[in-house]
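Just so it is clear, none of the values below were taken in a lab; they were calculated from the coordinates. Note that the coordinates shown come from a computational prediction; the quantities given were computed from them, not determined experimentally. No Cβ is skipped: glycine too gets one built from the backbone with ideal geometry, and neighbour counts run over all protein chains shown.
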């Protein structure tokens, strides 16, 4: 039923989903192993999440743990096609305005109450609309939300919005129980300490600074699932201690930032472990040198182009990230919809960089320095320090002197948000579609004193126009054309120097099966994950 | 020492202590606000998405939209009723957060402290009695080695040997999660987890106590009253115990008093390397997250303990050395 353009103009997007249990079994058989009941998965989470209620908190670690407790209406494949979760099927009207979801029946909350369409309408229209800034931007396009019966939900949009379905993954809009939250202060609800969802694992115990323990939900709505008896996340703050825990088998899986990229090669050598770097397609984090486009030199496209020519992105991918992730080619990552592979950002070419700087009249002085600027380091771990040190050397090769500034997360965000920087490193999630995760970095209307907006201050009316047209276009083909054009424009202006399409290694014991099967990797519910004997 | 005198001493010191602790709180309240960024920026940074409404909601929720002096007054008022505040980030009362972590920290630092003091003094005495001989040199070199080696390196080395090569001991954590152990089995499990971090933390201080005890013993051993005792024919063992050691203990007690006050603060380094769920890490994470209430709560506890242990140390002097009087 699903075509190459998953969100294309079809009335019926997905028919009755094949029974998920059978799909999982089929996948398992493909690997030659029957799913086995039993066993507890010991893994790691870094840093410790502050609380586990999705929407109220949307930090990376929270998403990984809470996605086992809560569920969304849909999820996505690695190619970003929607797949059923709490919604077993859905339709879109011809005019692209009305979406109707048929919900799974017999689903229960962890406290035993029935899950109904009312919970969905409440979660979308009240809960996430109030607490979740990313979802709010999309949900505001909904004109009307109705529950015609207990197992049907209908949303009517104010105008067609082609990427609408991408927000319904658990990482975007987790469905929360109306009977717990309605009429309360969502952020300070005492029930936040004991999250209640529909997912395959129930919250059991959380000793702060020590571990979070979830146990099997015995009344889960998919018969016979989940296979694991529970999942325990240990909180291990030191990266070398985490590597040791994995090496010695004290944990069977690490995800995300747990293992530093430079430790990955040795785990690739370890026979009992599998290293995967897929499962980040929905997020498609893209890293770049963020450049304050308001400042002298830095506001000149020739200068920024010279910076781009000075950087060897293959070196960064191979020698700093050890092959985890790949060099960026365009502002839209290749896993994100509408990436245009024909667009290529300036290649590594120091000669060309120096020619451009010569053209600007920036000649080297006696020390060989043409210009200098500061770079605020990204305080997210050792590999980011190594990156800025490499960049300092690379820039020095073409006569640009870089002074590194160090800070911590709070200080970094504050300075980025207040535009108090010259250059820095940054990366953001693209959320599957340029309208959802790329536009915000480049359009004039989003130049704000808030982090992860257009803090660079880049402004080009043509780019604004293209992003807006693509946002409002109802047809995928039309959007593809517009986004191709915007990619060309951005590569020409080069407001930022894109570095890497990041990926994060998931390293797990080979006996642990079905770990990465979707476009959200370790953020899926794990109801089909099992420990083979 | 009369009871009245002691009471007067205690009352005077308590008044001073309250003033000191209050001053520390105000100072630290202002100091941590000087660090750039606030909890809302950290949450925005870690979520990778924000809008102005979101930031404003967070700041209002955390009470950061009020003027600083008003926040300070509110904090002091709560403090006087022994309410350490609420961590909005973790959605828990600070008292509960600290109470959850304090036992783990006390177990770790207490074990390391006892190990360091008893082991250190024993080694120091042994070295002093065999001064200039092989045993003395061995102890001195060993103490110097542990004193000079960075603590995290010792930790990693111990993990490498005992967890990775020999596979005797777990490399992190405080107990086996989900094992549902009870009673003695649980205590043994915790003890197994405790050995490496306590050893790592203890070895450094053991070195200090050994050097301190040795130097102090040697100094006292040369004094006239020791010579007199020896001339009187007092047995050597008794001279060491009753005459030399007792007098040599004063500097050791001074240092132990200082260290005891810091026990509550935990050790960020060791707690981090061994993923020990103690209060040092709570404070460190709170600092990075700009979780002001939690951080101030930890500061408060530490300050109180330092003041209390200073008092205890002063009282102990008088017990060990009757010439010293409380005043």
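Helix A:461-472 and the longest principal axis of the Cα set of chain A meet at an angle near 10°.
Here the extension length gained between residue A:355 and residue A:475 equals 38.9 nm, from 0.36 nm per residue of separation less the Cα-Cα distance. With each label modelled as a point 7 angstrom along the Cα→C-beta vector, the residue A:189-residue A:363 pair spans 6.9 nm. For the stretch A:80-209, what does the alpha-carbon gyration tensor say about shape, rounded, prolate or oblate, given a ≥ b ≥ c as the root eigenvalues, a/c under 1.5 as rounded, and a/b over b/c as prolate? Taking the square roots of the gyration eigenvalues as a ≥ b ≥ c, the stretch A:80-209 is prolate.
For chain B, modelled as a GNM whose springs connect Cα atoms under 10 angstrom apart, the maximal fluctuation among B:151, B:239, B:268 occurs at B:239.
Its Cα gyration tensor gives the stretch B:144-239 an equivalent ellipsoid, and the semi-axes of that ellipsoid, as √(5λ) in whole Å with the largest first, are 42, 19, 9. Going by neighbour counts of Cβ atoms within 10 Å, the residues A:334, A:342 line up, fewest first, as A:342, A:334.
Treating each Cα of the stretch A:379-449 as an identical point scatterer and summing with the Debye formula, the log10 of I(q)/I(0) at q = 0.15 Å⁻¹ comes to -0.67.
Please check: in the Gaussian network model of chain B (C-alpha springs, under 10 Å), which one of B:69, B:88, B:193 has the largest mean-square fluctuation. Looking only at B:69, B:88, B:193, the largest GNM fluctuation is found for B:69. Exposure proxy ranking for A:429, A:220, based on other Cβ atoms within 10 angstrom of each Cβ and starting from the fewest, stands as A:220, A:429.
Averaged over the residues of peptide B:165-173, the number of Cβ atoms from other protein chains lying within 10 Å of each residue's Cβ is 4.
Peptide A:202-210 has a mean of 5 when you count, residue by residue, the C-beta atoms of other protein chains within 10 Å of its C-beta. Assign one of three labels to the stretch A:317-414, namely rounded, prolate or oblate, based on the Cα gyration tensor with a ≥ b ≥ c the square roots of its eigenvalues; rounded applies when a/c is under 1.5, prolate when it is not and a/b is larger than b/c, and oblate otherwise. Oblate.
Which parts of the stretch B:1-23 would a label at residue B:80 reach, counting a residue when its backbone N lies under 16 Å from a point 7 Å out along Cα-to-Cβ? Only B:18-23 fall inside the zone, counting backbone N under 16 Å. Here the simple spin-label model places points 7 Å from the Cα toward Cβ, and for residue B:95 and residue B:157 these points are separated by 4.5 nm.
Taken along the Cα-to-beta-carbon direction at a fixed 7 Å, the label points for residue A:449 and residue A:37 span 6.0 nm.
Could the peptides A:234-246, B:128-140 be put in order, highest first, of the mean number of other beta-carbon atoms found within 10 Å of their residues?
Packing proxy ranking, top to bottom: A:234-246, B:128-140.
With a Förster radius of 41 Å applied to the beta-carbon distance between residue B:61 and residue B:106, the computed FRET efficiency rounds to 0.80. Counting neighbouring Cβ atoms within 10 Å and putting the fewest first, the residues A:274, A:94 line up as A:94, A:274.
Peptides A:434-442, B:73-81, A:190-198 ranked from most to least packed give A:434-442, A:190-198, B:73-81, packing being the mean of other C-beta atoms within 10 angstrom over each peptide's residues. Take the alpha-carbon centre of the stretch B:165-225, take the same for the stretch A:196-215, and report the distance between them in whole Å. Comparing the Cα centres of the stretch B:165-225 and the stretch A:196-215, I get a distance of 32 Å.
Note on residue B:228 and residue B:122: with the Förster distance fixed at 35 Å, the Cβ-Cβ geometry gives a FRET efficiency of about 0.85.
Here the stretch A:414-467 and the stretch B:267-327 have alpha carbon centers that stand 45 Å from each other.
Can you give me the Kirkwood hydrodynamic radius for the protein assembly as shown, using every pair of distinct Cα atoms, in Å to one decimal?
About 30.2 Å, per the Kirkwood formula over Cα pairs.
If R0 equals 30 Å, the separation of the Cβ atoms of residue B:114 and residue B:250 corresponds to a calculated FRET efficiency of about 0.95. Mind running the shape call on the stretch A:399-533? Use the C-alpha gyration tensor, a ≥ b ≥ c as the square roots of the eigenvalues: rounded below 1.5 for a/c, prolate if a/b tops b/c, oblate otherwise. Because a/c hits 1.5 or more and a/b fails to exceed b/c, the stretch A:399-533 counts as oblate. Rg/Rh, computed from the Cα trace of the stretch A:411-467 with Rh as the Kirkwood radius, has the value 0.97.
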